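The values are calculated or read from the model by the stated rules, or taken from the named source; none is laboratory data. Just so we're clear, the structure is a prediction, and the values are computed from it rather than from any experiment. Glycine gets a Cβ as well: all are built from the backbone with ideal geometry, and neighbour counts include every protein chain shown. When the accessible area is computed, the model is the full protein with side chains, heavy atoms only, and any ligands, DNA or RNA have been set aside. Shrake-Rupley method; radii C 1.70, N 1.55, O 1.52, S 1.80 Å.
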Amino acid sequence: MTDQTKDRVLIFDTTLRDGEQSPGATMTHDEKLEIAELLDDMGVDIIEAGFPIASEGDFRAVSEIAERSKDAVICGLARAQLPDIDRCWEAVKHAGKPRIHTFIGTSPLHRAIPNLTMDEMADRIHETVTHARNLCDNVQWSPMDATRTEWDYLCRVVEIAIKAGATTINIPDTVGYTAPRESADLIKRLIETVPGAPDVVFATHCHNDLGMATANALAAVEGGARQIECTINGLGERAGNTALEEVVMAIKTRSDIMPFTTGIETKKIMHISRRVATVAGFPVQFNKAIVGKNAFAHESGIHQDGMLKNAETFEIMRPEDVGIAGTSLPLGKHSGRAALRAKLKELGVEVGDNQLKDIFVRFKELADRKKEVYDDDILALVSATADEETDSLQLVNMSVHCGTGGPATADLEMEIDGKEVSATSQGDGPVDATFKAIRMLHPNAARLQLYQVHAVTEGTDAQATVSVRLEEDGMIATGQSADTDTVVASAKAYINALNRLVVRREKTGKDVKEISYKDA
Ligand code: KIV
Ligand code: ZN
């Protein structure tokens with residue numbers, strides 16, 4: 001028997017592996033631990049914590065996530081090679097419930113990469129899954145690019161993996177190529193025809209290249225899959241993976257036609273969505289289903305009228321079910337520490353006493369400049385205070401002069417490794433002048449890949465959140481900050497990204513994926 005009841009769908013989150021693999025979404029070690037804890041707390045069944053052989057950093061992260069895990073199964077990824085599988089086991093074995101996930105590309109295009117015949121590949125699958133199963137009772141096997149693999153061959157290799165001891169068979173739509181009906185049919189065919197299939201869990205892993213990842217995953221469940229692989233905010237390579245919040249809320253909202261359940265505490269969705277967006281440096285698009293800023297906004301007159309009379313007129317889900325607090329009152333400059341603590345609790349944010357002190361100081365500064373401090377402002381403050389204590393580069397003071405008909409000038413004071421330094425620079429606009437001054441104080445070869453500004457709330461006194469993504473020598477780091485002054489937020493975000501590059505260089509050496517998962 002498998003570890004599921006008939007209608008329970010297991011949620012396998014791969015934000016920390018497939019999501020983090022997305023260029024620019026690299027997270028620091030501490031951020032990975034934080035996200036893993038939030039996933040565990042929200043009821044994710046299986047957390048794919050990383051790809052242990054890819055780098056020292058990945059190995060350390062998977063090991064520590066495994067050690068700290070509570071209820072979730074902790075899974076690591078391994079190519080179909082014995083040293084990969086051994087390394088993966090070394091990392092996940094610390095978990096209460098460890099899992100090894102091994103994979104190989106089975107489609108004609110992927111078979112050509114290691115230049116294996118169909119028979120040779122079948123032998124490799126048998127050997128590697130057997131090896132994994134000798135190490136761990138819980139083994140997941142994936143035929144990468146399954147949806148472009150000949151169905152007969154797919155049935156053959158799935159049977160081999162089951163006989164070799166795999167307990168979960170995952171069917172990846174690696175390039176986002178399938179469509180809902182085909183997705184359901186493929187799973188159904190495998191379950192109906194492969195010997196041993198009823199004894200294992202079938203999983204679906206969809207990419208969103210054609211915008212069908214959620215639909216394909218749900219169709220696979222209708223075809224018999226009982227594990228959905230997904231990421232928070234749909235983070236992932238190219239167009240991303242199936243979004244956790246979408247499949248979970250679809251199953252919850254339409255249980256009348258999809259008689260399944262998940263173990264996710266949906267009220268925790270919004271908080272984790274915001275944290276992942278912040279730490280990965282991938283802001284959520286405004287009209288993104290479930291977690292977008294506009295997902296529950298009803299602005300047109302006719303909608304507002306209907307909503308006031310009866311929320312169900314236009315709302316199929318309640319905002320509070322995904323953790324969006326109802327019409328809670330904004331804080332202001334007279335709000336005290338207790339009110340701030342209560343607000344953080346309401347927003348699902350847990351902070352220690354020291355962080356609360358820090359957030360409170362910033363909250364007071366903000367409340368002096370801004371009449372009403374909204375929930376989104378508070379969340380932006382929390383994100384901004386997360387990792388500043390240990391930063392070697394800090395902004396001390398700045399002023400910018402700009403106007404029509406001339407270059408802008410930025411005067412900057414920074415503390416670098418405990419020493420105060422200052423510089424003045426001119427540039428094409430205030431942000432350019434500021435970044436140039438920072439580069440004068442901390443010379444570096446980092447290339448600016450992305451610079452993005454978003455208003456946190458409405459009004460001209462709104463805070464701006466700025467995201468900056470830098471690339472240096474193959475290493476990518478993102479920084480974020482928020483301030484009512486867009487140029488100050490830009491300086492802080494840039495410095496934040498530089499700090500991450502410094503940490504990456506110093507602590508983990510070259511913490512880039514030295515091995516591509518496509519080399520399987
Ligand atoms: O998309 C994919 O095929 C993958 C596998 C490694 C499961 O992420
Ligand atoms: Zn994938």
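Note down the magnitude of the dipole of segment 93-133 about its Cα centre, charges +1 on Lys and Arg C-beta and -1 on Asp and Glu C-beta and zero elsewhere, to the nearest 20 debye. Before the final figure, lay out each step's value.
On the way: 6 positive and 4 negative charges, 82 e Å.
Here segment 93-133 has a charge dipole of around 400 debye.
Rounded, prolate or oblate: which one fits segment 368-453, using the alpha carbon gyration tensor with axes a ≥ b ≥ c (rounded when a/c is under 1.5, else prolate when a/b beats b/c, else oblate)?
On the way: a/c = 1.75, a/b = 1.24, b/c = 1.42.
Cα axes put segment 368-453 in the oblate bin.
With axes computed from alpha carbons, what is the tilt in degrees of helix 486-508 against the longest principal axis of the chain, rounded to the nearest 10 within 0 to 90?
Once rounded, one gets 50 degrees.
Can you give me the angle between helix 151-164 and the longest principal axis of the chain, using Cα atoms only, in degrees from 0 to 90, rounded to the nearest 10?
Roughly 90 degrees, rounded to the nearest 10.
Working out 0.36 nm times the residue gap between residue 127 and residue 320, then minus their Cα-Cα distance, what length gain in nm do you get to one decimal?
Working: separation 193, 0.36 × 193 = 69.48 nm, distance 4.91 nm.
Residue separation times 0.36 nm, minus the Cα-Cα distance, leaves 64.6 nm.
How large is the helix-only mean residue ellipticity at 222 nm for the chain, computed as the sum of -39500 (n - 2.57) over DSSP H runs with n ≥ 4, divided by its residue count, in deg cm²/dmol to the nearest 500?
Working: 16 runs with 203 residues, N = 520.
Helix-only estimate at 222 nm: -12500 deg cm²/dmol.
Spin-label point model (7 Å from Cα, Cβ direction): what's the residue 120 to residue 94 distance in nm?
Roughly 3.8 nm, to one decimal.
Quick one: how many Å² of residue 131 are accessible to a 1.4 Å probe, rounded to 10?
Residue 131 has an accessible surface of roughly 50 Å² with all protein chains in place.
Roll a 1.4 angstrom probe over the protein heavy atoms and tell me the percent of accessible area of segment 3-280 that is carbon or sulfur. Each step should come with its number before you reach the end.
Working: 4820 of 9520 Å².
With neighbouring chains kept in place, the figure for segment 3-280 is 51 percent.
Modelling each spin label as a point 7 Å along the Cα-to-Cβ direction, I'd like the residue 449/residue 182 distance in nm, to one decimal.
So the two model labels end up 3.0 nm from each other.
Determine, from the Cβ-Cβ distance of residue 404 and residue 341 and an R0 of 41 Å, the FRET efficiency 1/(1 + (r/R0)^6), rounded to the nearest 0.05.
On the way: r = 46 Å, r/R0 = 1.12.
It comes to 0.35.
What is the gain in length, in nm to one decimal, between residue 152 and residue 238 on full extension, counting 0.36 nm per residue of separation less the C-alpha to C-alpha distance?
Numbers: separation 86, 0.36 × 86 = 30.96 nm, distance 2.91 nm.
So the chain would gain 28.1 nm between residue 152 and residue 238.
May I ask you to derive the relative contact order of segment 23-150, considering only C-alpha pairs under 8 Å and at least 6 residues apart, and to give it as an integer percent?
Values: 220 pairs, mean separation 26.9, N = 128.
Contact order relative to length: 21 percent.
May I have the convex hull volume per residue, in Å³, for the Cα set of the chain? Walk me through the intermediate numbers first.
Values: hull volume 83.3 nm³, N = 520.
Each residue corresponds to 160 Å³ of Cα convex hull volume.
For residue 253 and residue 134, compute 0.36 nm times the residue count separating them, minus their Cα-Cα distance, and round to one decimal in nm. Show your work: numbers first, answer last.
Numbers: separation 119, 0.36 × 119 = 42.84 nm, distance 4.12 nm.
My answer for the length gained is 38.7 nm.
Specify the inter-centroid distance of segment 7-50 and segment 127-146, based on alpha-carbon positions, in whole Å.
With segment 7-50 and segment 127-146 each reduced to a Cα centre, they are spaced 20 Å.
Per-residue HN-Hα couplings for segment 22-36, Karplus 6.51 cos²θ - 1.76 cosθ + 1.60 at θ = phi - 60°, whole Hz, x for Gly and Pro?
5, x, x, 8, 4, 10, 6, 4, 5, 5, 4, 4, 5, 5, 4
Calculate, for segment 74-177, the solvent-accessible area per residue in square angstrom, rolling a 1.4 angstrom probe over the heavy atoms of the protein chains. Can you show the working numbers first?
Values: 3770 Å² over 104 residues.
Averaged over the residues of segment 74-177, the accessible area is 36 Å².
How large, in Å, is segment 3-280 by the Kirkwood hydrodynamic radius built from its alpha-carbon pairs? Write down the numbers at each step before the final one.
On the way: mean 1/r = 0.0548 Å⁻¹.
For segment 3-280, inverting the mean 1/r across all distinct Cα pairs yields 18.2 Å.
Evaluated at 37 °C with a viscosity of 0.692 mPa s, what Stokes-Einstein diffusion coefficient in µm²/s does segment 225-300 have when Rh comes from the Kirkwood expression over alpha-carbon pairs?
On the way: Rh = 13.3 Å.
Stokes-Einstein gives a translational diffusion coefficient of 247 µm²/s.
Take the residue pairs 345/371; 268/357; 188/288; 32/93; 32/419 and return only those whose Cα atoms are more than 20 Å apart.
Details: 345/371 22 Å; 268/357 24 Å; 188/288 31 Å; 32/93 18 Å; 32/419 31 Å.
Long pairs (Cα-Cα over 20 Å): 345/371; 268/357; 188/288; 32/419.
Rounded to the nearest 0.05, what FRET efficiency do residue 192 and residue 285 have when you use their Cβ-Cβ distance and R0 = 30 Å? Numbers along the way, then the final one.
Details: r = 39 Å, r/R0 = 1.30.
Calculated transfer efficiency: 0.15.
Taking a point 7 angstrom from the Cα of residue 416 along the C-beta vector, which residues in segment 423-440 have backbone N less than 13 Å away?
The answer is 423-424, 436-440.
Return the Cα extents of segment 388-506 along principal axes one, two and three, sorted largest first, each rounded to a whole Å.
Largest to smallest, the principal-axis extents are 41, 30, 26 Å.
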